[in-house]
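Worksheet for the structure shown next.
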Amino acid sequence: MNINLDFLQNLLKINTYTLNSAGINEACLLIQQELKDTAFIHNIYPSRDNTFAPLHYYAAAQNDSTKPQILITGHIDTVFSQQINCDFDEKDNKLYGCGSMDMKGGIAVIIAILKNLSATGHLVNVNFMLVTDEEQMNVERYPVMKDICMRNDYALVYEARTTSPDNIVKIVIERKGFLGGKLSVTAAGGHSGVITDKSQRHSAIHELVFQASNILKLADFNKGTTINIGKFNGGTAVNALAQAASIEFDARMKTKAEFNRLKAAFGELTNNRQDTSVDILFELPIYIYPLALNSSTAALYQDAVLVGKELNLVIEQEFRGGGSDANRIRYFNDKIGIIDGLGPTGDGEHTTREYLNLNSLQSSYDFSLALLTRILKF
C-alpha cells in the first residue's frame, strides 16, 4: 500500500475539533513533516483572533504555463470536541476513529499522492490547500481562500467517496448550497399574568414564532429548497413574557438563483415585525453557493470517466445535499472545474462509530494519480 498508515493513525490520535487550535496545529505540523522533502512553497495564513487555526497553502515551486493549475484540498478539522471520547481501533479491515472518514483518510491519500509526484519529478502545477475550519466555515478566511482559488483551474476535493460496488466510483459534481442564519430578539418582557393590555405585552418568543413562520414559508420544495429551524432558545419562566430569545436556522438550495433569493429575503426579516417595539438582530455567519455544474467541471468529469475505463471502473455522477469546501471553491471562482468525493469510503460520519475502509485508501490513491497523470499529461 502506498498510504502511510502510521501517519494516518497518528493523525487520528490528535483531537482536531475546529475550535481546538492547539490540536489542529499539532496535526498540521505532522503533515508539514511528511511533506518536508517535497518542492512546495509553504504559506501560512493565521486568523485574526486565533479562534481558528491557520490555513495552510502549499504552492507548487515548479510550474509550467502550458498546463492547468490543480488545487488539491482537504480539511483536517472535525466536529468532535475535546470532551468527546473517540476510541481508536483497527479491525475487520476498518480503521475506526473520529475523523477517519471525514476526512483524515482523505488527507492521508493526498499526502501519499504529493510525495509520489515529488519523488517522480511530477510535482508541477499541483497545489495543496489544507483547510482547518471546514466544519464551521469561518467567513473571515474567505478573502484568502478566494485568492487561492482564483489561481487554479481545477480543484480535486477529498471528502469521502460513497460506498458502492468495487468497480463503481461515484464522483460528486454537484452539491446544495446553504445559508446558516441566526435571529435574536430582545423585548421589554414582564409578568404575563399582570400585563393584560395586548399593546403592552412584548415578548421576544412571540416575535420569533411569527418570524419563524415567515422563514419556513420561504422554502420551495419543487426547486429543492428546504429550511430547517434547528435551535430555539429563550425565556425564563412560563409566566414571564420573554425578554430575550433567538433561533438558528439552515437553508439548503440547488441553484445560485435560490441562494440569492433567500439571502435577500433573510436580510429583510428585521423590517417585517409583528411587534414594532422589539429589537431584532439578524446574523448570517455561514453561507456558501451551491456547487453547480459548469463547463470546466463537465470536462474534468469526462477525464475521470476516461481514467475509469483505463482502470476498468464505471464512473457515475453524484449529487449531495451536504456542503463541503467544494462549495466554497465554487463561491470564490465560478469558472473553476471541481470534482469531489475522491477520498476513501467509510461510514458513521460525524459519530463516535466513524470508520474508513482500509482497502479503499489504495483505490482512492490509484484513481487520483491516474487522473492527475491525464490532466497534466506527464
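Summary table below
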quantity: Pairwise centroid distance, computed over Cα atoms, of the range 166-207 with the range 330-377, Å; calculated: 35
quantity: Nearest-0.05 FRET efficiency for Ala188 and Val238, computed from C-beta distance (R0 22 Å); calculated: 0.75
quantity: Order of Val144, Val238, Val314, Val126 under a 10 Å beta carbon neighbour criterion, fewest first; calculated: Val238, Val314, Val144, Val126
quantity: Antiparallel content of DSSP bridges confined to the chain, in %, to 5; calculated: 70
quantity: Amide H partners (placed H, <5 Å) of Ala155, local residues excluded; calculated: Leu71, Gly337, Ile338, Ile339
quantity: Sequence of Lys67, Lys104, Lys254 once ranked by neighbouring C-beta atoms within 10 Å, starting from the fewest; calculated: Lys67, Lys254, Lys104
quantity: Efficiency of FRET between Val305 and Ser277 - r from beta-carbon atoms, R0 56 angstrom, step 0.05; calculated: 0.40
quantity: Whole-Å semi-axes of the ellipsoid equivalent to the range 178-287 (Cα gyration tensor, √5λ, descending); calculated: 29, 12, 11
quantity: Partnerless cysteines, meaning none of the other Cys C-beta atoms lie under 4.7 Å away, in the chain; calculated: Cys28, Cys149
quantity: Footprinting exposure proxy for Arg141, Arg201, Arg161 (fewest neighbouring C-beta atoms within 10 Å first); calculated: Arg201, Arg141, Arg161
quantity: Of [x] 80, 43, 40; [y] 67, 41, 40; [z] 77, 52, 47, the label for Cα extents along the principal axes in Å derived from the coordinates; calculated: [x]
quantity: Charge dipole of the chain about the Cα centre (unit charges at C-beta), most positive-ward option of Leu5, Ile171, Ala257; calculated: Ala257
quantity: MRE, 222 nm, helices only [DSSP H, n ≥ 4, -39500 (n - 2.57), over the chain, to nearest 500]; calculated: -9500 deg cm²/dmol
quantity: Cα lying deepest toward the dipole's positive end in the range 1-152, options Gly99, Phe88, Leu123, charges on Cβ; calculated: Leu123
quantity: Farthest toward positive dipole pole in the chain [+1 Lys/Arg, -1 Asp/Glu at C-beta], among Asn357, Thr276, Thr186; calculated: Thr276
quantity: Total charge dipole magnitude, the range 178-287, about the Cα centre, Cβ charges on Lys, Arg, Asp, Glu only, Debye to nearest 20; calculated: 380
quantity: Cα centre as origin, Lys/Arg/Asp/Glu Cβ charges: the range 220-350 dipole, Debye; calculated: 340
quantity: Amide H partners (placed H, <5 Å) of Gln62, local residues excluded; calculated: Asn125
quantity: Lys, Arg +1 and Asp, Glu -1 on Cβ, resulting dipole of the chain about Cα centre, debye, nearest 20; calculated: 860
quantity: Val139-Lys377 FRET efficiency (beta carbon distance; Förster radius 35 Å; 0.05 resolution); calculated: 0.40
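Only the coordinates and a few stated rules stand behind these numbers; no lab work does. For clarity, every value in this text was computed on a predicted model and none was experimentally measured. Quick reminder, even Gly has a Cβ in these numbers, built from the backbone with ideal geometry, and neighbours come from all protein chains shown.
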